[in-house]
1. Can you report the number of residues in the range B:46-64 which are aliphatic (A, V, I, L, M) and over 12 Å from A:THR95 (Cα atoms)?
2. Determine whether the range A:75-98 contains at least one residue that is under 30 Å from B:ASP34 (Cα atoms) and in contact with a strand residue (DSSP E or B) (Cβ under 6 Å, 6 or more places away or on another chain).
3. For the range B:12-96, list the helices (runs of 4 or more DSSP H) that sit wholly inside it and hold at least 1 residues that are away from every other protein chain (no Cβ under 14 Å); which are they?
4. What are the residues in the range A:83-109 that are within 8 Å of another protein chain (Cβ to nearest Cβ) and acidic (Asp, Glu), if any?
5. What number of residues within the range B:52-68 satisfy the criterion of being aromatic (Phe, Trp, Tyr) and surrounded by fewer than 24 Cβ atoms within 10 Å (Cβ to Cβ)?
6. With respect to A:SER72, determine if the residue is more than 14 Å from every other protein chain (Cβ to nearest Cβ), in a helix (DSSP H, G or I) and at pLDDT 90 or above.
7. From the set of residues in the range A:46-69 that are outside any helix (DSSP H, G or I) and not hydrophobic (A, V, I, L, M, F, W, C), which is farthest from the other protein chains (Cβ to nearest Cβ)?
8. Taking A:SER106 as the residue in question, decide whether it is polar (S, T, N, Q), in contact (Cβ under 8 Å) with a residue 40 or more places away in the chain and surrounded by 13 or more Cβ atoms within 10 Å (Cβ to Cβ).
Amino acid sequence: MYIKFIIIAFAVFALSRAFIRYKNEEIRFREFFIWGVFWLLVVSASLYPKTTDIIAKYLGVERGADLFVYLSIIILYFIVFKVLLHLKKIDREITDVVRKIALQISDKEDNGSHEKKK
Amino acid sequence: MKVAAVVPAFNEEKTINHVVHTLLSAVDVVVVVDDGSRDNTAKKAENSGAIVLRHFLNRGQGAALFTGIRYALNSGHDIVVTFDADGQHDEKDIEKIIAPILENRVDVVLGSRFLEKKNSIPVLRRAVLAMAILFTRMTTGLKITDTHNGFRAFSADALEKIQIRQDKMAHASEILEEISKKKLRYCEIGVTVRYTDYSRKKGQKASQSFKILWDLFLGKMSK
């Protein structure tokens with residue numbers, strides 16, 4: 001039973017955060033609305049878990065809770081993959097910076113030695 | 001024709017001196033890219049007469065190689081030879097490896113340790129390379145006898161076309177892919193490879209092949 005309270009308390013907390021961010025004009029109304037719908041769904045699913053079974057059965061999964069776990073794993077895989085690609089991109093950018101600095105320093109040294117020769 | 005040798009180096013203070021000295025007898029300029037070494041690699045290379053570029057962070061062999069290549073191209077060199085810093089290659093092969101480019105027969109020359117009969121290659125290394133060669137033939141269609149050999153020669157024109165995005169060891173596979181994709185003329189030349197205890201310790205482990213495949217996969221996905 002406690003899990004219900006934890007989920008609802010977290011949903012209320014998340015909603016209040018979203019509301020504050022909307023108030024401070026950090027997010028638009030549309031984003032606030034989407035978050036609102038999402039957390040309300042979470043709350044209703046935790047209050048009436050049986051309703052999720054209907055959607056689950058429709059998709060060929062026995063229980064709503066199982067569907068939730070399956071979906072979570074798929075989404076997590078997707079996010080991890082996205083993060084890996086993003087890391088790869090950042091890696092490349094770091095290399096670009098390191099390379100640029102290495103070449104710039106050598107350029108300066110080259111000019112310096114020319115001047116010395118003159 | 002101005003020839004530059006590019007030597008990526010990471011913690012190679014034991015061998016870099018000798019490598020730079022011997023290379024200077026064969027090429028116009030030796031460019032050592034110190035890839036964030038924690039030892040005296042840069043200083044030793046500089047004292048031996050090399051031009052030293054420094055990566056202030058370790059970015060991997062591929063990244064270091066292409067920093068050196070960029071420098072060689074910017075300073076107007078016509079041919080770039082890539083050479084390992086651990087002393088496994090023989091500078092006497094340089095004449096041989098740049099000859100096909102000087103004669104304008106090819107754009108890229110790849111060193112092959114299997115075309116040189118004198119080489120004795122450890123069994124495990126041979127087995128891993130056989131798999132890598134098969135993989136390369138399948139993915140690029142290049143009929144080559146060796147892969148991931150750091151001894152190569154490129155014409156400046158070819159290098160302007162080759163784009164390398166892999167910072168780590170996978171760059172060697174990427175170079176071959178680029179040769180195939182940009183339809184560059186290439187050939188292989190047998191080169192001596194000395195497997196010393198030092199070079200074997202510094203060299204790639206068999207288990208790294210999975211890392212290379214993974215890097216190649218991620219590289220493809222993030223284009």
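The values are calculated or read from the model by the stated rules, or taken from the named source; none is laboratory data. No experiment lies behind these values; they were computed from the predicted model shown. For neighbour counting, all protein chains shown are included, and Cβ atoms are generated from backbone atoms with ideal geometry for every residue, glycine included.
1. Count: 4.
2. yes
3. By residue number, B:16-24, B:41-47.
4. Scanning the range A:83-109 gives a single hit, A:ASP91.
5. Residues in the range B:52-68 being aromatic (Phe, Trp, Tyr) and surrounded by fewer than 24 Cβ atoms within 10 Å (Cβ to Cβ): 1 in total.
6. Yes, satisfied.
7. Among those residues, the one meeting the criterion is A:TYR48.
8. no
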